[in-house]
Amino acid sequence: MWNKDKSILLSQILVKICYVFVIVCAIAAPWLVELYEKRAGTDGLYTPLLATLMCCVPPAVIALVCLDVLLWNIQHGKAFVELNVKLLRSLSFCCFSVAAIFIYFSILRPFAFVIVFAAGFFGMILRVVKNCFQQAVAMREENDFTI
Amino acid sequence: MIIVNLDVMMAKRKISSNELAEKIDITPANLSILKTGKAKAIRFSTLERLCGALKCQPGDILEFVDDEED
């Protein structure tokens, strides 16, 4: 039977898979970029694309750590706490930073603007979720301190 | 702001925290939150039980102090 605990476990597994994916991509980035250049038949993209991808690794890792901590908190019944608001804020900043990093590459390759838009849009959604959590934390605190 | 003068009333009635908590059926931890002024709100039912146990009026426990008044 599908339940809340299994749902959290599935999310945790997905986060762990993403950890592996990000690390593998970071290590194999030079080879992957070279492969992309050969397949696309473009020249002069190697350095900017590799630099863009490598710059995206720190925000990706930070975002995954934030997700991991967030899921751990939710698993332990601490969903509406101030720390989760901070984690969601960090997550949205990670998305915005990826969008900012990709702006340069989207000048070279306009299709990359899709990534800028997608990352920016995710960041915006996360900010709204963060605002909801902030409100929920305030309500929980008020409820806890109503005697 | 609202000041909670619960400790004053408790001293007047010579009643301990644990005794009062037991009488009004709340945990000593919650009574401590009330006494220290950390509470954000108080239920009418709790106030009613407090007034009943301490034989006083709500005004004896709660006091309004104007913040802007210096």
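The residues in segment B:29-46 that are assigned to a helix (DSSP H, G or I), over 14 Å from residue B:10 (Cα atoms) and aliphatic (A, V, I, L, M) can be counted, and the count is 2. Scanning segment A:45-92 for residues that are surrounded by fewer than 16 Cβ atoms within 10 Å (Cβ to Cβ) and of a type in the set (Phe, Trp, Tyr) yields A:46, A:72. In segment A:92-111, of all residues being in contact (Cβ under 8 Å) with a residue 40 or more places away in the chain and not aromatic (Phe, Trp, Tyr), the one that is nearest to residue A:48 (Cα to Cα) corresponds to A:108. Taking the listed residues B:62, B:54, B:6, the one that is in contact with a Lys or Arg (Cβ under 9 Å, 6 or more places away or on another chain), at pLDDT 90 or above, surrounded by 11 or more Cβ atoms within 10 Å (Cβ to Cβ) and within 14 Å of chain A (Cβ to nearest Cβ) is B:6, with no other qualifying.
Go through the residues of segment B:36-48 one by one and say whether even a single one is loosely packed, with under 14 Cβ neighbours inside 10 Å, away from chain A (no Cβ under 12 Å) and either in contact with a Cys (Cβ under 8 Å, 6 or more places away or on another chain) or more than 14 Å from residue A:145 (Cα to Cα) (or both). Yes: one or more hits. Considering each residue of segment A:71-90 in turn, none proves to be among the aromatic types (Phe, Trp, Tyr) and more than 25 Å from residue A:137 (Cβ to Cβ).
Counting the residues of segment A:112-146 that are farther than 20 Å from residue A:51 by Cβ, surrounded by 16 or more Cβ atoms within 10 Å (Cβ to Cβ) and of a type in the set (Val, Ile, Thr) gives 1. For residue A:101, the conditions (1) away from chain B (no Cβ under 14 Å); (2) touching a strand residue (DSSP E or B) at 6+ places or on another chain (Cβ under 9 Å) all hold with the exception of (2).
Checked against (1) within 14 Å of chain A (Cβ to nearest Cβ); (2) surrounded by 13 or more Cβ atoms within 10 Å (Cβ to Cβ); (3) free of Cβ contacts under 8 Å to residues at least 40 places away in the same chain, residue B:25 passes all but condition (2).
The values are calculated or read from the model by the stated rules, or taken from the named source; none is laboratory data. Computed from a predicted model, the values in this text were never measured in an experiment. Cβ sites come from the backbone with ideal geometry, for glycine too, and all protein chains shown count toward neighbours.
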